[in-house]
Amino acid sequence: MTEQEGVFRTFMGKRVRDTYGRYIGFVVGISTDPFGELKGIALDSGQSGFTEIPSACIERDGELLKMTPPWRVEAEKYSRERKLVLSRTQAVEELLKEGEITDDEYSETLKIYEGYDSRLQEVSKRLEMKLKRRDQELEREAKDLKRMSTNIKIQFKSGEVDTESFRASLQYATIMKDRVQKEKNDLVITYNSLSTEKIEQAPQELSSPDAESVSEPPDQTKTIVKTDGSSEEEGTSDHEYPNEQPLAEAGWLAKFLKGRA
(Lines give C-alpha, C1' and ligand atoms only; values in the text may rest on other atoms or scores of the structure.)
Protein backbone atom coordinates (compact mmCIF):
# COMPACT_ATOMS: atom_id res chain seq x y z
CA MET A 1 0.00 0.00 0.00
CA THR A 2 1.40 3.41 -1.01
CA GLU A 3 1.64 6.39 1.33
CA GLN A 4 -1.18 8.12 -0.55
CA GLU A 5 -3.43 5.06 -0.23
CA GLY A 6 -2.66 5.01 3.47
CA VAL A 7 -3.73 8.65 3.83
CA PHE A 8 -7.00 7.97 2.02
CA ARG A 9 -7.72 4.87 4.08
CA THR A 10 -6.94 6.69 7.34
CA PHE A 11 -9.09 9.77 6.86
CA MET A 12 -11.83 9.02 4.34
CA GLY A 13 -15.27 9.25 5.94
CA LYS A 14 -13.87 10.52 9.26
CA ARG A 15 -15.33 13.49 11.04
CA VAL A 16 -13.20 16.64 11.33
CA ARG A 17 -13.23 18.97 14.33
CA ASP A 18 -11.93 22.50 14.63
CA THR A 19 -9.47 23.52 17.34
CA TYR A 20 -12.37 24.42 19.64
CA GLY A 21 -13.85 20.92 19.50
CA ARG A 22 -16.72 21.60 17.09
CA TYR A 23 -17.44 19.05 14.37
CA ILE A 24 -17.40 20.69 10.95
CA GLY A 25 -18.04 17.81 8.55
CA PHE A 26 -17.08 14.44 7.09
CA VAL A 27 -14.03 13.89 4.89
CA VAL A 28 -15.18 13.01 1.35
CA GLY A 29 -11.95 13.70 -0.52
CA ILE A 30 -8.26 14.25 0.11
CA SER A 31 -5.64 16.06 -1.95
CA THR A 32 -2.01 14.98 -1.58
CA ASP A 33 1.25 15.76 -3.33
CA PRO A 34 3.28 13.06 -5.16
CA PHE A 35 4.98 12.19 -1.88
CA GLY A 36 1.73 11.63 0.02
CA GLU A 37 1.84 14.86 2.00
CA LEU A 38 -1.56 16.38 2.74
CA LYS A 39 -2.43 19.41 0.56
CA GLY A 40 -6.10 19.83 1.40
CA ILE A 41 -9.33 18.04 2.25
CA ALA A 42 -12.89 18.13 0.95
CA LEU A 43 -15.75 17.96 3.44
CA ASP A 44 -19.44 17.27 3.45
CA SER A 45 -20.45 20.03 5.86
CA GLY A 46 -24.13 19.21 6.04
CA GLN A 47 -26.24 22.31 5.50
CA SER A 48 -23.16 24.23 4.33
CA GLY A 49 -22.62 21.64 1.61
CA PHE A 50 -19.32 20.83 -0.05
CA THR A 51 -16.32 22.60 1.48
CA GLU A 52 -12.62 22.51 0.63
CA ILE A 53 -10.05 23.29 3.31
CA PRO A 54 -6.39 24.01 2.45
CA SER A 55 -3.66 22.11 4.23
CA ALA A 56 -2.52 25.31 5.98
CA CYS A 57 -5.68 25.07 8.09
CA ILE A 58 -5.36 21.32 8.75
CA GLU A 59 -3.43 19.69 11.54
CA ARG A 60 -2.87 15.95 11.56
CA ASP A 61 -3.12 14.37 15.00
CA GLY A 62 -2.53 10.67 14.58
CA GLU A 63 -5.62 9.31 12.82
CA LEU A 64 -7.57 12.51 13.42
CA LEU A 65 -7.73 15.79 11.52
CA LYS A 66 -8.26 19.17 13.17
CA MET A 67 -9.04 22.45 11.44
CA THR A 68 -7.56 25.75 12.55
CA PRO A 69 -9.98 28.59 11.69
CA PRO A 70 -8.86 30.41 8.51
CA TRP A 71 -8.87 33.78 10.31
CA ARG A 72 -6.29 32.45 12.75
CA VAL A 73 -4.07 31.02 10.00
CA GLU A 74 -4.18 34.34 8.13
CA ALA A 75 -3.40 36.30 11.30
CA GLU A 76 -0.39 34.11 12.10
CA LYS A 77 0.93 34.50 8.54
CA TYR A 78 0.49 38.28 8.72
CA SER A 79 2.27 38.41 12.09
CA ARG A 80 5.28 36.45 10.77
CA GLU A 81 5.59 38.64 7.68
CA ARG A 82 5.11 41.86 9.64
CA LYS A 83 7.86 40.96 12.12
CA LEU A 84 10.22 40.01 9.29
CA VAL A 85 9.67 43.30 7.42
CA LEU A 86 10.19 45.34 10.60
CA SER A 87 13.30 43.36 11.47
CA ARG A 88 14.82 43.85 8.01
CA THR A 89 13.96 47.55 7.97
CA GLN A 90 15.76 47.92 11.29
CA ALA A 91 18.74 46.00 9.89
CA VAL A 92 18.96 48.41 6.94
CA GLU A 93 18.95 51.37 9.35
CA GLU A 94 21.75 49.84 11.41
CA LEU A 95 23.84 49.02 8.35
CA LEU A 96 23.67 52.66 7.25
CA LYS A 97 24.73 53.89 10.71
CA GLU A 98 27.64 51.44 10.72
CA GLY A 99 28.75 52.59 7.28
CA GLU A 100 28.24 49.14 5.77
CA ILE A 101 26.00 50.47 2.96
CA THR A 102 25.86 53.74 1.03
CA ASP A 103 23.05 56.29 1.11
CA ASP A 104 21.92 55.14 -2.34
CA GLU A 105 21.84 51.48 -1.26
CA TYR A 106 19.96 52.49 1.86
CA SER A 107 17.30 54.46 -0.06
CA GLU A 108 16.84 51.74 -2.68
CA THR A 109 16.54 48.95 -0.13
CA LEU A 110 14.29 50.94 2.18
CA LYS A 111 11.82 51.59 -0.66
CA ILE A 112 11.48 47.84 -1.19
CA TYR A 113 10.54 47.18 2.43
CA GLU A 114 8.28 50.22 2.56
CA GLY A 115 6.40 48.67 -0.36
CA TYR A 116 6.06 45.40 1.57
CA ASP A 117 4.89 47.30 4.63
CA SER A 118 2.25 49.14 2.59
CA ARG A 119 0.84 45.85 1.27
CA LEU A 120 0.82 44.39 4.78
CA GLN A 121 -1.24 47.35 5.98
CA GLU A 122 -3.89 46.45 3.41
CA VAL A 123 -3.78 42.84 4.59
CA SER A 124 -4.22 44.07 8.15
CA LYS A 125 -7.35 46.06 7.24
CA ARG A 126 -8.96 43.08 5.50
CA LEU A 127 -8.07 40.81 8.40
CA GLU A 128 -9.59 43.24 10.90
CA MET A 129 -12.88 43.11 9.01
CA LYS A 130 -12.84 39.30 9.03
CA LEU A 131 -12.23 39.24 12.77
CA LYS A 132 -15.07 41.67 13.40
CA ARG A 133 -17.49 39.64 11.25
CA ARG A 134 -16.55 36.43 13.04
CA ASP A 135 -16.95 38.15 16.41
CA GLN A 136 -20.45 39.26 15.41
CA GLU A 137 -21.33 35.70 14.37
CA LEU A 138 -20.15 34.37 17.72
CA GLU A 139 -22.06 37.08 19.57
CA ARG A 140 -25.27 36.02 17.81
CA GLU A 141 -24.56 32.38 18.62
CA ALA A 142 -23.98 33.21 22.30
CA LYS A 143 -27.33 35.05 22.43
CA ASP A 144 -29.11 32.12 20.76
CA LEU A 145 -27.61 29.70 23.29
CA LYS A 146 -28.69 31.93 26.17
CA ARG A 147 -32.20 32.10 24.75
CA MET A 148 -32.31 28.31 24.36
CA SER A 149 -31.16 27.82 27.98
CA THR A 150 -33.88 30.17 29.19
CA ASN A 151 -36.53 28.30 27.21
CA ILE A 152 -35.51 24.90 28.54
CA LYS A 153 -35.57 26.26 32.10
CA ILE A 154 -39.11 27.55 31.55
CA GLN A 155 -40.21 24.21 30.10
CA PHE A 156 -38.64 22.34 33.03
CA LYS A 157 -40.30 24.64 35.56
CA SER A 158 -43.68 24.24 33.87
CA GLY A 159 -43.36 20.44 33.94
CA GLU A 160 -43.07 20.01 30.15
CA VAL A 161 -39.53 18.58 30.32
CA ASP A 162 -38.29 15.86 32.66
CA THR A 163 -35.23 16.28 34.89
CA GLU A 164 -32.83 14.16 32.83
CA SER A 165 -33.63 15.94 29.57
CA PHE A 166 -33.34 19.28 31.35
CA ARG A 167 -29.89 18.44 32.69
CA ALA A 168 -28.73 17.09 29.33
CA SER A 169 -29.86 20.19 27.43
CA LEU A 170 -28.22 22.65 29.84
CA GLN A 171 -25.01 20.68 29.96
CA TYR A 172 -24.71 20.61 26.19
CA ALA A 173 -25.48 24.35 26.03
CA THR A 174 -22.67 24.93 28.53
CA ILE A 175 -20.20 23.02 26.38
CA MET A 176 -21.18 25.08 23.34
CA LYS A 177 -20.97 28.37 25.24
CA ASP A 178 -17.48 27.46 26.46
CA ARG A 179 -16.36 26.91 22.87
CA VAL A 180 -17.82 30.23 21.77
CA GLN A 181 -16.08 32.01 24.65
CA LYS A 182 -12.72 30.42 23.86
CA GLU A 183 -12.87 31.58 20.25
CA LYS A 184 -13.97 35.08 21.29
CA ASN A 185 -10.97 35.26 23.64
CA ASP A 186 -8.65 34.29 20.79
CA LEU A 187 -10.24 36.86 18.48
CA VAL A 188 -9.53 39.69 20.93
CA ILE A 189 -5.94 38.55 21.48
CA THR A 190 -5.40 38.22 17.73
CA TYR A 191 -6.92 41.62 17.02
CA ASN A 192 -4.61 43.17 19.60
CA SER A 193 -1.56 41.58 18.01
CA LEU A 194 -2.18 42.84 14.47
CA SER A 195 -0.09 45.92 15.19
CA THR A 196 1.21 47.70 18.26
CA GLU A 197 -0.81 50.80 17.34
CA LYS A 198 -4.11 48.95 17.84
CA ILE A 199 -3.44 47.33 21.18
CA GLU A 200 -5.28 50.01 23.15
CA GLN A 201 -8.25 50.31 20.77
CA ALA A 202 -8.89 46.61 20.16
CA PRO A 203 -10.95 45.67 23.25
CA GLN A 204 -13.46 48.40 22.37
CA GLU A 205 -13.58 47.42 18.68
CA LEU A 206 -14.61 43.82 19.35
CA SER A 207 -17.31 42.63 21.72
CA SER A 208 -14.61 41.36 24.02
CA PRO A 209 -15.20 39.19 27.11
CA ASP A 210 -14.09 40.20 30.59
CA ALA A 211 -10.43 41.18 30.88
CA GLU A 212 -9.83 38.33 33.32
CA SER A 213 -11.00 35.73 30.82
CA VAL A 214 -8.82 37.24 28.08
CA SER A 215 -5.62 37.21 30.10
CA GLU A 216 -5.87 33.48 30.79
CA PRO A 217 -7.39 30.69 28.73
CA PRO A 218 -10.59 29.28 30.23
CA ASP A 219 -10.29 26.22 32.44
CA GLN A 220 -11.00 22.90 30.76
CA THR A 221 -14.10 22.30 32.90
CA LYS A 222 -17.69 21.45 32.29
CA THR A 223 -20.69 22.35 34.39
CA ILE A 224 -22.78 19.61 35.91
CA VAL A 225 -26.36 20.83 36.37
CA LYS A 226 -28.10 19.35 39.39
CA THR A 227 -31.77 18.50 39.59
CA ASP A 228 -32.44 21.53 41.77
CA GLY A 229 -31.10 23.86 39.07
CA SER A 230 -27.76 24.57 40.84
CA SER A 231 -24.47 23.62 39.22
CA GLU A 232 -20.92 22.56 39.94
CA GLU A 233 -17.79 22.24 37.82
CA GLU A 234 -16.10 19.00 36.96
CA GLY A 235 -12.66 18.73 35.34
CA THR A 236 -12.34 17.33 31.87
CA SER A 237 -9.54 16.80 29.35
CA ASP A 238 -9.00 18.18 25.86
CA HIS A 239 -10.02 14.80 24.48
CA GLU A 240 -13.55 14.85 25.84
CA TYR A 241 -14.76 12.39 23.23
CA PRO A 242 -11.83 10.00 22.54
CA ASN A 243 -13.69 7.65 20.18
CA GLU A 244 -14.20 9.41 16.86
CA GLN A 245 -17.51 7.77 16.02
CA PRO A 246 -20.19 9.74 14.12
CA LEU A 247 -22.29 10.30 17.25
CA ALA A 248 -19.50 10.24 19.81
CA GLU A 249 -20.14 13.79 21.00
CA ALA A 250 -23.73 12.96 21.89
CA GLY A 251 -22.66 9.85 23.81
CA TRP A 252 -23.19 11.55 27.17
CA LEU A 253 -26.78 12.31 26.14
CA ALA A 254 -27.41 8.63 25.52
CA LYS A 255 -26.21 7.91 29.04
CA PHE A 256 -28.63 10.43 30.49
CA LEU A 257 -31.54 8.97 28.57
CA LYS A 258 -30.56 5.29 28.81
CA GLY A 259 -33.30 3.09 30.14
CA ARG A 260 -36.05 5.67 29.71
CA ALA A 261 -37.53 3.98 26.64
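Brief remarks on what is shown
- When the criteria are applied in full, Ser149 meets the requirement of being among the polar types (S, T, N, Q), farther than 30 Å from Val123 by Cα and touching a Leu at 6+ places or on another chain (Cβ under 7 Å).
For every residue, the table says whether it meets (1) in the same structural domain as Thr190 (by TED's automatic domain parsing); (2) surrounded by 15 or more Cβ atoms within 10 Å (Cβ to Cβ); (3) more than 17 Å from Asn192 (Cβ to Cβ); (4) modelled with pLDDT of 95 or more.
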| position | (1), (2), (3), (4) |
| --- | --- |
| Arg80 | yes, no, no, no |
| Gly99 | yes, no, yes, no |
| Lys111 | yes, no, yes, no |
| Glu114 | yes, no, yes, no |
| Ser124 | yes, yes, no, no |
| Met129 | yes, no, no, no |
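- Only residues that are at pLDDT 60 or above, more than 19 Å from Gly21 (Cα to Cα), in a helix (DSSP H, G or I) and not small (Gly, Ala, Ser) were counted across the range 176-208, and they come to 5.
- When the range 71-106 is filtered for residues that are over 30 Å from Leu187 (Cβ atoms) and either touching a residue at least 12 places away in the same chain (Cβ under 8 Å) or part of a helix (DSSP H, G or I) (or both), the ones remaining, listed by number, are Ala91, Val92, Glu93, Glu94, Leu95, Leu96, Lys97, Asp103, Asp104, Glu105, Tyr106.
- Residue check for Gln155: part of a helix (DSSP H, G or I), without any contact (Cβ under 8 Å) to a residue 12 or more places away in the chain and either among the β-branched types (Val, Ile, Thr) or more than 30 Å from Arg167 (Cα to Cα) (or both): no
- Hey, Leu64 in contact with a strand residue (DSSP E or B) (Cβ under 9 Å, 6 or more places away or on another chain), aliphatic (A, V, I, L, M) and touching a residue at least 60 places away in the same chain (Cβ under 8 Å) or not: yes
- When every residue of the range 33-56 is checked against the conditions, at least one turns out to be touching a Leu at 6+ places or on another chain (Cβ under 6 Å) and either assigned by TED's automatic domain parsing to the domain that holds Arg179 or under 28 Å from Glu128 (Cβ atoms) (or both).
- Tabulated pairs, the range 26-39, first loosely packed, with under 12 Cβ neighbours inside 10 Å, second among the basic types (Lys, Arg) and at pLDDT 80 or above, C-beta under 8 angstrom, 6+ apart or interchain: Asp33/Lys39
- Scoring Tyr106 on the criteria (1) loosely packed, with under 12 Cβ neighbours inside 10 Å; (2) more than 21 Å from Ser193 (Cα to Cα) leaves a single failure, condition (1).
- Residue in the range 1-12 that is nearest to the chain's Cα centre (by Cα), counting only those that are not in a loop (DSSP other than H, G, I, E, B) and not β-branched (Val, Ile, Thr): Phe11
- Within the range 13-25, the set of residues being small (Gly, Ala, Ser), surrounded by 16 or more Cβ atoms within 10 Å (Cβ to Cβ) and not in a strand (DSSP E or B) comprises just one member, Gly21.
- If you go through the range 26-62 and keep only what is of a type in the set (D, E, K, R) and not in a strand (DSSP E or B), you end up with Asp33, Glu37.
- Boolean, Lys157 is buried (at least 16 other Cβ atoms within 10 Å of the Cβ) and of a type in the set (D, E, K, R): no
- Residues in the range 51-64 that are over 19 Å from the mean Cα position of the chain (by Cα) and under 15 Å from Met12 (Cβ atoms): 1 in all.
- Taken over the range 59-78, residues that are over 16 Å from Thr19 (Cβ atoms) and surrounded by 15 or more Cβ atoms within 10 Å (Cβ to Cβ) amount to 1.
The values are calculated or read from the model by the stated rules, or taken from the named source; none is laboratory data. Please read all numbers here as calculations on a predicted model, not as lab measurements. Note that we place each Cβ from the backbone using ideal geometry, even for glycine, and neighbour counts take in every protein chain shown.
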